[in-house]
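Data block below; observations after.
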Amino acid sequence: MRRTVMSVFAVAAVAAGVVIGGVAEAGTTLGASAAEKGRYYGAAIAAGKLGDSVYTGILNREFNSVTAENEMKWDATEPSQGRFSYANADRIVNHARSRGMLVRGHALLWHQQQPGWAQSLSGSALRNAAINHVTQVATYYRGKIHSWDVVNEAFADGGGGGRRDSNLQRTGNDWIEAAFRAARAADPGAKLCYNDYNTDGINAKSTGIYNMVRDFKARGVPIDCVGFQSHLTNSAPADYQANLQRFADLGVDVQITELDISGAGQATAYGAVTRACLAVARCTGITVWGIRDTDSWRTGQNPLLFDGNGGKKAAYTAVLNALNGGGSTVPTGGPSSPPPGGTGGCAASVSLNAWTGGYVATVRVTAGSSPISGWTVGVTVPSGGAITGVWSATGSATTGAVAFRNVDYNGTLAAGAATEFGFQGTGTAPAGTPTCQPG
């Protein structure tokens, strides 16, 4: 949905840590503190506000990931059928990437904010137009997007746990699957997420989504993450963490994608949500939906971390304290001891998203003909560069020859199975094929 006073709700990996703009010290900003725990802390932003010095000052200092509020939605990127417009979205992407931030793509398909021409279509004409839209937009941004909200808000509210009736749903119940397959073909390196609201606790709606994700994983439909919008008042549901964990147990990442919290319990609730994410190994990051209270779609509710003047609120301090307070399920010390098991061979391959002065590397580790119970991947960082963040692994150093070791949840691989980890760095990206040693 459009983030204006007319909205009601709208809102998906692997985390990357980076010190924002290369100037903040770890532990003193949201992004840097999250990076210490192998996660990102991001904000939804508007291209039209990038000229506001207070707004961009907070953005550049505090966050290491961005989401476009409206600029990547269907009505913005394809206003006329077959005619694509990326200028405002590019402003956001270029701003983020020039500062080493990740970009979440939001959203490829949604029943709202469709251009008028799409609203007039139905059946196969709409299906074909929707899949072409996914293909064209994801291809245009290929290699620049960390994770896409491929489909947004496709499940109905209420007690049934079923799909929302929409023009997209009426093209056939497989439309979500078709969208994910098209997105994977267009941008194989991006994480593909399903995103929705009112799913923060274990309820009929979240269970309906859970069942879809479980089915997708069983049938090999490409889905990598689930986004929880978390538009909250006073507190999160008591089973918030348990709900995140049950999705993570399906083998997908979970992301808090549109967090804002109103009410007297705001600061306490922000801290609790942050700790819940840290407690779930596959919760890879948090995005707040806006920067200052005056930028929020929840007019008058003051649900964000900064007041209208850009001042830090008690909620900001609660988040930073939670991020710095420990409890992360991602190890921050030495390598984990692998469980007993096989010690077959392994191989590693890397895909790069590089720009002038920096890069993000995603490394895929694949077991050989025998299972393995741990792995170490070797990479050489070119002279003059340094690693600024690592996720789903632990690194032995930040410069020179670096050995990445599995963490506790991704070391054991069956024969032929694979897992991924990643790192972000400054300077020139490593060249050549990484080495892999089992055990």
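For this structure, a couple of remarks:
- Of the residues contained in the stretch 144-151, one or more are found to be open to solvent by less than 30 Å² (accessible area, probe 1.4 Å) and acidic (Asp, Glu).
- Of all residues making up the stretch 369-399, the number that are open to solvent by less than 30 Å² (accessible area, probe 1.4 Å) and either assigned to a loop (DSSP other than H, G, I, E, B) or farther than 23 Å from Ser33 by Cβ (or both): 11
- Options Thr380, Thr366, Thr376; residue that is over 25 Å from Gly31 (Cβ atoms), modelled with pLDDT of 85 or more and in contact with a Lys or Arg (Cβ under 8 Å, 6 or more places away or on another chain): Thr376
- Being open to solvent by less than 60 Å² (accessible area, probe 1.4 Å), at pLDDT 95 or above and closer than 21 Å to Thr412 by Cβ is a property that Val280 has.
- Across the stretch 87-118, the number of residues qualifying as under 17 Å from Glu69 (Cβ atoms), touching a helix residue (DSSP H, G or I) at 6+ places or on another chain (Cβ under 6 Å) and of a type in the set (D, E, K, R) comes to 1.
- If you check Asp253, Asp239 for being over 19 Å from Ser33 (Cα atoms) and surrounded by 24 or more Cβ atoms within 10 Å (Cβ to Cβ), only one passes: Asp253.
- Asn243, sole failed condition from (1) outside any loop (DSSP other than H, G, I, E, B); (2) farther than 25 Å from Arg275 by Cα; (3) touching a helix residue (DSSP H, G or I) at 6+ places or on another chain (Cβ under 7 Å): (2)
- Tallying residues that are farther than 24 Å from Leu352 by Cα and open to solvent by 30 Å² or more (accessible area, probe 1.4 Å) within the stretch 58-69 yields 1.
- The number of residues in the stretch 298-324 that are under 25 Å from Ala35 (Cβ atoms) and open to solvent by 60 Å² or more (accessible area, probe 1.4 Å) comes to 5.
- Any hit, the stretch 428-439, residues being outside any loop (DSSP other than H, G, I, E, B) and either closer than 20 Å to Asp224 by Cα or under 21 Å from the mean Cα position of the chain (by Cα) (or both): no
- In the stretch 83-95, the residues that are more than 23 Å from Gly358 (Cβ to Cβ) reach residues that are open to solvent by 60 Å² or more (accessible area, probe 1.4 Å) and not small (Gly, Ala, Ser) with C-beta atoms within less than 9 angstrom, at least six apart or across chains, in these pairs: Phe84/Gln136; Phe84/Tyr140.
- Scanning the stretch 169-200 for residues that are more than 24 Å from Thr362 (Cα to Cα), in contact with a Pro (Cβ under 6 Å, 6 or more places away or on another chain) and either open to solvent by less than 10 Å² (accessible area, probe 1.4 Å) or among the aliphatic types (A, V, I, L, M) (or both) yields nothing.
- Listed by first and then second residue, the pairs with beta-carbon distance under 6 Å, at least 6 apart or on different chains, first residue in the stretch 168-187 and more than 16 Å from Val137 (Cβ to Cβ), second open to solvent by 30 Å² or more (accessible area, probe 1.4 Å) and not in a helix (DSSP H, G or I), are Gln169/Arg163.
- Scanning the stretch 346-368 for residues that are open to solvent by 50 Å² or more (accessible area, probe 1.4 Å) and either under 14 Å from Thr433 (Cβ atoms) or of a type in the set (A, V, I, L, M) (or both) turns up Ala347, Ser349, Val350, Ser351, Leu352, Ala354, Arg364.
Results for (1) under 24 Å from Lys191 (Cβ atoms); (2) among the polar types (S, T, N, Q), shown as yes or no for each residue.
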residue	(1), (2)
Val360	yes, no
Thr366	yes, yes
Val379	yes, no
Thr388	yes, yes
Ala401	no, no
Ala429	yes, no
Gly432	no, no
Gly439	no, no
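- Residue list for the stretch 75-98, filter: under 18 Å from Arg142 (Cβ atoms), surrounded by 18 or more Cβ atoms within 10 Å (Cβ to Cβ) and within 20 Å of the chain's Cα centre (by Cα): Ala89, Ile92, Val93, Ala96, Arg97
- Applying the criterion of being out of contact with any strand residue (DSSP E or B) (no Cβ under 7 Å at 6 or more places or on another chain) and either surrounded by fewer than 24 Cβ atoms within 10 Å (Cβ to Cβ) or part of a loop (DSSP other than H, G, I, E, B) (or both) to the residues of the stretch 256-267, the residue that is modelled with the highest pLDDT is Ala267.
The values are calculated or read from the model by the stated rules, or taken from the named source; none is laboratory data. As the structure is a computational prediction, the values presented were derived from the model and not from experiment. Virtual Cβ from ideal backbone geometry, glycine too; neighbours counted across all protein chains shown. Remember, those area values only see protein heavy atoms, side chains included, never the ligands or the DNA or RNA. Shrake-Rupley method; radii C 1.70, N 1.55, O 1.52, S 1.80 Å.
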